[in-house]
Amino acid sequence: MGSVRLTLCGAALAVAALTPVAYAADGGSVSVTPSTPAPGADLTLRVKGCAGKAATAASAAFVADARLTGSGGSLAGETRVRSSIKPGAYDVKITCVDFVVKGRITVVAAKGATTAPSATAPASPAAPVDAGGGWSATHLSAMQPRATGPGTGHAVTGLVLAGVAAVAVVLRSTRRSRRTD
């Protein structure tokens, strides 16, 4: 009787583990500040209803996924809107521990150059950043690759060492043969 119970519990556990995460139909709400961001703007995302202490918010409009943290069912995090994105509506998917919340943000066209240049958000990098590396990085990257290996000097040194080893073996063996006689 114990093995039947164990088998049924194992089967129930396997079904529960392999069932995909259900989307929340009634729980969870998402808020975005500012409500209509411009390209390059920083966003604050808040979600209510998540049971865990962390969640992830992903969207094609974001430079990177936002990591949301908090407690008590309320999580918050920050991210940035891509500076190269076109105005329009973009889906946001927030994955919590117990469910997934879907939302939508509307990116609006950037207003004219009314803000000071220092207050505008920098563009997101589109290629690797030149992070220095000093003289050695520049010098070594400019060098032409060439095959390296043993040359004549290495061969002569190897032959001399082999000859010295052979002489040592011969001397040692003759010394031993004299002692045994």
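The values are calculated or read from the model by the stated rules, or taken from the named source; none is laboratory data. Because the structure is predicted, anything quoted here is derived from the model rather than measured. Every residue, glycine among them, receives a Cβ derived from its backbone with ideal geometry; neighbour counts consider all protein chains shown. Heads up: the accessible areas ignore ligands, DNA and RNA and are worked out on the full protein's heavy atoms, side chains in. Shrake-Rupley method; radii C 1.70, N 1.55, O 1.52, S 1.80 Å.
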- Query: Pick from the range 31-64 the residues that are β-branched (V, I, T) and closer than 13 Å to Y90 by Cβ: which of them is modelled with the highest pLDDT?
  - Reply: V63
- Item | Tally of residues being open to solvent by 60 Å² or more (accessible area, probe 1.4 Å) and of a type in the set (S, T, N, Q) across the range 57-83 | 2
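For the structure I just gave you, tell me whether T180 is open to solvent by 90 Å² or more (accessible area, probe 1.4 Å), hydroxyl-bearing (S, T, Y), over 35 Å from the mean Cα position of the chain (by Cα) and modelled with pLDDT of 75 or more.
no
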- Item | Members of the range 32-56 found to be open to solvent by less than 50 Å² (accessible area, probe 1.4 Å) and assigned to a strand (DSSP E or B), listed by number | V32, L43, T44, L45, V47, A54, A55
- Among residues of the range 96-106 being touching a strand residue (DSSP E or B) at 6+ places or on another chain (Cβ under 6 Å) and β-branched (V, I, T), the residue surrounded by the fewest Cβ atoms within 10 Å (Cβ to Cβ) is T106
- Query: Restricting the first residue to the range 139-166 and requiring it to be open to solvent by less than 90 Å² (accessible area, probe 1.4 Å), which pairs with a second residue that is at pLDDT below 95 meet a Cβ separation below 8 Å and a spacing of at least six or different chains?
  - Reply: G158/P150
- Query: Of the residues K86, K93, which is in a loop (DSSP other than H, G, I, E, B), open to solvent by 50 Å² or more (accessible area, probe 1.4 Å), closer than 30 Å to K111 by Cα and at pLDDT 85 or above?
  - Reply: K86
